[in-house]
Amino acid sequence: MHREVGRGEAILEVRGLTKIYPGGVVALDNVDLEFKSGEIHAILGENGAGKTTLMNILFGVLQPDRGEIYVHGRKVRFRSPLDAINMGIGMVHQQRKLIPAHTVLENIILGHPEAGKILDFKKVRRDIEELCRKYGFKIDLDARVWQLSAGEQQLVEILRALYRGAKILILDEPTSVLTPLETEAFLTSLKSMSRQEIALVPFVTHKLPEVFAISDRVTILRRGKVVKRIETKDATMKALAEHMVGKEVLFVLSKPKVSIGGEILKVENLSAMNDKGLLALKNVSFTIREGEIFGIAGVSGNGQQELAEVLAGLRRVETGRIIFMGRDITNASVLERLKMGIGYIPSERLGVGVIGGFSLAENILMSLYFDKEFVNRGLLNYKKIREYAEKVISEFEVVAPSINTKAAYLSGGNLQRLVLSRVIPKTSKLLIANLPTTGLDIAATEYVRKRLLECKEKGMGVLLISDDLDEVLQISDKIAPIYEGRFVSILQAEEAQKEVVGAMMTGAYSER
Amino acid sequence: MWPFIARSLEVATILLIAAVGELLNQRSGVINVGIEGLMLLGAAAGFIAALFWGLIPAFIIGMLIGGLFGLVHAILSTSLKVNQVVSGMGIWLFAMGFVTYWADRYSGPLPRGVVSPRIYELSPMFFIALIIVVVIWFILSKTHLGLKVKSVGENPFAAEVSGVKVIRTRYLCTIIGGMLAGLAGAFLSTTYLGAWSHLPTKGLGWIAFALVMFSLWRPLILLGGALTFGFIWQFAISPETIYAGIPAPLPLLRMLPFVATIVVLTIISREKFRRKWALSRPEALGEPYIKE
Amino acid sequence: MTSLETLKLKLERVPVVSGGQAVRISLLSLVFSFIIFSIFLSIEGANPIDAYSNIFSFALDPNLGLPTTLHRGLFLLFSTLAFVVAYSARLWNVGMEGQFYLGTIGAFAVAYSLPELHPAILIPLMLLAGAIFGAGYGALAGFLRGKLNVNEVVGCLMLNNIAFWLVYLLTVGGPWAGIAESTSRPLPPNAHAPIISYTPFTSYLAIGIAIVLYIFLSKSVVGYKIRVLGNSPTAAQHIGINAPRTYILVMTIGGAIAGLSGYHMWAGDPAFLMIPRPEAYKAIGDLTYWGLIIGLVCLLNPVAAIPTSVFIGSIMMGSTVLVRRLRLPFGLDVLFLGLVSITFAAFQFFYMYKVRRMK
């Protein structure tokens, strides 16, 4: 599987790269790296390890405080991304840098130095079709980008970089949004590109297995320093993860034994539309009992979001019923549901789960403002609110100078703790957790999972929606793989095999 | 009947020139609610220039002052990241004060010598307006520059990594938008009215602003909107030229263009249109570009 | 973080501006606009220092300008509060002009139809009618925004123009037409506002409303809901806040406040006591847009808006001496106001950024 390493010539080299942010945070500390043509060289690191800073420096978005960059052995300085692009560096962003309302072709041609004043779409089309043939890509050049899947959009970014003559491609979390099927195809195309003497540099936080499968070499960053360089064939997954985190990683959480109690939620033949007015959730039925975690495994965009929103009262039900504690709440408002003890952890933290411009106390208030205990004749009882906020914030270990700190100053993991501290204490029966660990580093992920298990221990029902199959398998009691808005099956955790669930959530099951 | 139509087409000319400029800067992501103010400034500058130098300098100077304040808006909203509504309102309030101070002393009609040429009672500026619209349509849909403008209005971050100069593009569009608003103002005061009276735009700028929203940001739809509202505006001013015995009292009719605007806005804001509207609305409209 | 490399200046994002900083920035912007205006004064052959001392000594002299300063300043306060309450939910209430006209219509309708009523009943009735008319007009814009999704800036401006012609319809040759050309009949004596130390009692009403609004926004549940909605409509939806209803609510409250200023303006100033000619009431209507500027300068703090409004009122009143006493060209006073407003807008920049010189 692995080819011999170090065969190609070095395209890009950095020496002694150092970046210190105002306030003294050392984001990169004396980093040396070398990227060779025809090689896949993965950079691993947790959130905050300095990956983003490194990427931004390589692409000319940021300038290093010290250190040199060499392209084909020549010392260069990037003042802007344009300089980097002109030096043959291409970047595939995690947050897509494409224009959704424009066609694929328009996105590829935009800003190209040889495009000409009046656009000649015919010529560009020929060139790009040629590129697609060379690398075995398939894509509709006239489709608007918003119509494309995440994988196709990634392809557009790659095509754009190649069309600009990129010799080295930096890929930010390339597989994080792909379906397993897409991932497979994507990895194949990476291989074919690396055979064409292009250097590939995937940056990865999670999803270690994929890196393992394709890379030739791995460099691990921790706290701005290179802590390990290793050829993939000499490495093990466990060792890589250890180097990333710097301590023994617990990949297994112990699931507490809890007796399953009475029925909390019963959903019957539920259907709902998505924002585009298409049926996104189709005839879903299931029940959640006390002390049970019901995990929904699936690739984003298969109706999970709609299901979560319907249950939280944010989206209209087309057909079907929702019964909560024996009551029909199909048409109940969000507020009624909150008062009944249904908690919702939204997938977006800043701006939905919490408000950046509000203090921690005011954020906590989002779950209290309708509670008689904290309101006195229409006025808020700030004394009580502050006491309560102090309590839950220390209970959930939110790290902040005080409860008057604005939430905007908190980091990702801390922000999610704040969301949990707001939602969980006010949830008595059912917790809906929508992508609760996406984008968090390993330590924060572990923390969130522990808290979900605690809810289960307390006898709540938990609906866990996740695109991380391992997470669902680890902490759920029942697992429902969702595909195109339907539950493919509902499995007991003990009988669920990873391969089977994986196949089910990608629609591959019926064929096997 | 024809004199009435010719006058309506001249109102449409004002709306069209101003609105197509606003359309351009909105396509690049910059809202300019100061368009009424820019028109006022252009009207004042144009009128005064016409008094001293004649019509062609009037249009040029109207355009220049519009462009100058377009530049002010660009500096405030693009470089200084001031909220675009605040910046536009500030310019509008300033324009009201400045124009009162500057031009009200010249109140009254233009002297006989400065009469704009008319072809069958219609100013040739109408045809120039049509040409401007077609040119802007061509730039937006066929050229690389147009693609850059649209990309900057949709997603400046994506545009930047493709090598588009976001700030420069927004400056360009906002200045051109200002120039066109200034030109529209100069045409209003020198040709359509041919006289100066206190703050002569009377809400036309706001109608032009609304027209941009109606047009789904497409120049050719804008043309239709401008013609319709030109007709409504002129009808509200001189209904008797259409139908001598019109019974409604004048002020009631003057509300018509504004009521019509609300009606159209309500219709296009409905669920059915909204999706289409949301798709054509520049995604980054009104948002400053802040690199983190 | 942006850096202007050539100037060696560095811009730093300021996450939250404090009240003290806002005061400093506003003072700085005033100084700046005063300097710019000095240029115009010099062009017109006036000595700037002389002009400014004239402006403020006139505006603050109890026997000369002070009553009007307070009257106009607190008129601006009504507009500011109308803007602030809506903008707390991030709605641009630029419909204060129309709401003020409608409030005028409401108050005058009561006064004309019940001129014999005892002032103690008539005046509250006029205020009530003004508030209701203004509230209704605000609610209309709120309804268009909340339920029909019509952009509130354009919607409000159209409504403003409609309201202008509505007043015109009633006064110029209409049922309320007076003897003088294009103005309304005078208000009956019973409708005149009692004056309490230089200023009509409605000025104190405005101050009272500012304080109540402050408490409402910062301490009440409804105020909290408005602020959540203003900060994040999605978050508001997730915690069960009804956005359309809240939008209508804030526009209604804003409309009511702006509506009250109809009575304050015409019945509170002995110089008016009627609806003047269209240009004159339009000029007053245009002043309402100051509500937006003052509201933002004061960081939406209703209490801070009290002194700020009065200060702007003093500029407004005082600068009339330029024309009347110093015989400078007409319009110079409005130009001054325009300059103040555009520099205030420009200085909003410093609410977001700090400029640092790099070492």
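Overview of values
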{"item": "Solvent-accessible area buried by pairing A with B, both sides, nearest 100 square angstrom, 1.4 angstrom probe", "result": "1800 Å²"}
{"item": "Rg ratio (alpha-carbon, reference 2.2 N^0.38 Å) - chain B", "result": "0.98"}
{"item": "Length released on extending from A:THR319 to A:LYS225, taking residue separation times 0.36 nm less the Cα-Cα span", "result": "28.4 nm"}
{"item": "Dipole-positive endmost among B:ALA95, B:SER162, B:PRO57 within chain B (Cβ charges, Cα centre)", "result": "B:SER162"}
{"item": "In Å², nearest 10: area of C:HIS192 left accessible to a 1.4 Å probe", "result": "60 Å²"}
{"item": "Whether the range C:247-300 is rounded, prolate or oblate, judged on the alpha carbon gyration tensor where a/c under 1.5 counts as rounded", "result": "prolate"}
{"item": "Candidates per GluC sites (Glu not before Pro) in the range A:60-164, loop by DSSP, up to 15 other Cβ within 10 Å", "result": "A:GLU114"}
{"item": "Carbon plus sulfur fraction of accessible area for chain B, probe 1.4 Å, in percent", "result": "71 percent"}
{"item": "Chain C, relative contact order [Cα under 8 Å, separation at least 6], %", "result": "35 percent"}
{"item": "Within the range A:347-412, trypsin sites (Lys or Arg not before Pro) in DSSP loop having at most 13 other beta-carbon neighbours inside 10 Å", "result": "A:ARG377"}
{"item": "Cα Rg, Dmax, the range A:10-245, angstrom units", "result": "17.6, 55"}
{"item": "Cβ neighbours within 10 Å from other chains - mean over C:325-332", "result": "3"}
{"item": "Centroid-to-centroid separation of the range B:1-36 and the range A:410-472 [C-alpha atoms, Å]", "result": "54 Å"}
{"item": "Chain A: proportion of alpha-carbon pairs further apart than 43 angstrom, %", "result": "23 percent"}
{"item": "Reciprocal mean inverse distance between Cα atoms of the protein assembly as shown - Kirkwood radius, Å", "result": "32.8 Å"}
{"item": "Normalised convex hull volume, the range B:195-292, alpha-carbon set, Å³ per residue", "result": "164 Å³"}
{"item": "When the range A:322-451 is reduced to its Cα atoms, the Kirkwood hydrodynamic radius in Å", "result": "15.3 Å"}
{"item": "Per residue value of the accessible surface for chain A (all protein chains in place, 1.4 Å probe), Å²", "result": "43 Å²"}
{"item": "Residue-span extension gain [C:VAL14 to C:ALA280] - 0.36 nm each, minus C-alpha spacing", "result": "91.6 nm"}
{"item": "Heavy-atom accessible area per residue - chain C, 1.4 Å, Å²", "result": "38 Å²"}
{"item": "Separation of the C:ARG327 and A:ASN404 label points, Cα + 7 Å toward Cβ, nm", "result": "5.8 nm"}
{"item": "Neighbourhood net charge (9 Å Cβ-Cβ; Lys/Arg +1, Asp/Glu -1) for A:LEU98", "result": "+2"}
{"item": "Overall form of the range C:219-359 per C-alpha gyration tensor (a/c, 1.5; a/b vs b/c)", "result": "oblate"}
{"item": "Pairwise label distance in nanometres, A:GLU129 with B:ARG270, each label 7 Å out on the Cα-Cβ vector", "result": "4.3 nm"}
{"item": "Portion, in percent, of the accessible area of chain A that falls on carbon or sulfur, probe 1.4 Å", "result": "49 percent"}
{"item": "Residues losing 30 Å² or more accessible surface upon assembly, the range A:316-346, compared with the chain by itself, 1.4 Å", "result": "A:VAL334"}
{"item": "Cα coordinate range in the range A:270-383, projected on the principal axes (Å, largest first)", "result": "47, 33, 29"}
{"item": "Chains C and B, summed buried accessible surface - 1.4 Å probe, Å², nearest 100", "result": "4000 Å²"}
{"item": "Accessible area that becomes buried as C packs against A, both chains, 1.4 Å probe, Å², nearest 100", "result": "2000 Å²"}
{"item": "Only Lys, Arg (+1) and Asp, Glu (-1) charged, at Cβ; the protein assembly as shown dipole about Cα centre in debye", "result": "760 debye"}
{"item": "Cα pair distances in the range A:39-172, grouped into 5 Å bins until the bin that holds the longest one, percent each", "result": "2, 9, 18, 21, 20, 14, 10, 5, 1, 0"}
{"item": "Loop trypsin sites (Lys or Arg not before Pro), the range B:219-292 (other Cβ atoms within 10 Å of the site Cβ: 13 or fewer; DSSP)", "result": "B:ARG270, B:LYS291"}
{"item": "Orientation-averaged projected area, Cα convex hull of the range A:349-426 (nm²)", "result": "4.6 nm²"}
{"item": "The range A:292-338 versus the range C:125-181: alpha-carbon centroid distance in Å", "result": "44 Å"}
{"item": "Partner chain coverage, peptide A:410-421 - average Cβ within 10 angstrom", "result": "0"}
{"item": "Cα-based shape type of chain C, given that a ≥ b ≥ c are square roots of the gyration tensor eigenvalues and the cut on a/c is 1.5", "result": "oblate"}
{"item": "Distance histogram in 5 Å bins (all Cα pairs of the range B:1-149, percent per bin)", "result": "2, 9, 15, 19, 19, 17, 11, 6, 2, 0, 0"}
{"item": "Value of D in µm² per second that Stokes-Einstein yields for the range B:173-240, Kirkwood Rh from Cα pairs, at 25 °C (0.890 mPa s)", "result": "187 µm²/s"}
{"item": "Shielding by partners, peptide A:268-274 (average Cβ within 10 angstrom, other chains)", "result": "0"}
{"item": "For the range C:103-196, alpha-carbon Rg relative to the globular expectation (2.2 N^0.38 Å, N residues)", "result": "1.26"}
{"item": "Net charge dipole size for the range A:70-180 [Lys, Arg +1 and Asp, Glu -1 on Cβ; Debye, nearest 20]", "result": "460 debye"}
{"item": "Highest to lowest packing among C:94-103, A:488-497, A:432-441, scored as the average C-beta count within 10 Å", "result": "C:94-103, A:432-441, A:488-497"}
{"item": "Using distinct alpha-carbon pairs, which all enter the 1/r mean, Kirkwood radius of the range A:400-512 in Å", "result": "15.6 Å"}
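The values are calculated or read from the model by the stated rules, or taken from the named source; none is laboratory data. Remember, it's a predicted structure, so these values are computed and weren't measured experimentally. Methodologically, a virtual Cβ is constructed for each residue, glycine included, from the backbone with ideal geometry; neighbour enumeration extends over all protein chains shown. Only protein heavy atoms, including side chains, enter the accessible area calculation; ligands, DNA and RNA are left aside. Shrake-Rupley method; radii C 1.70, N 1.55, O 1.52, S 1.80 Å.
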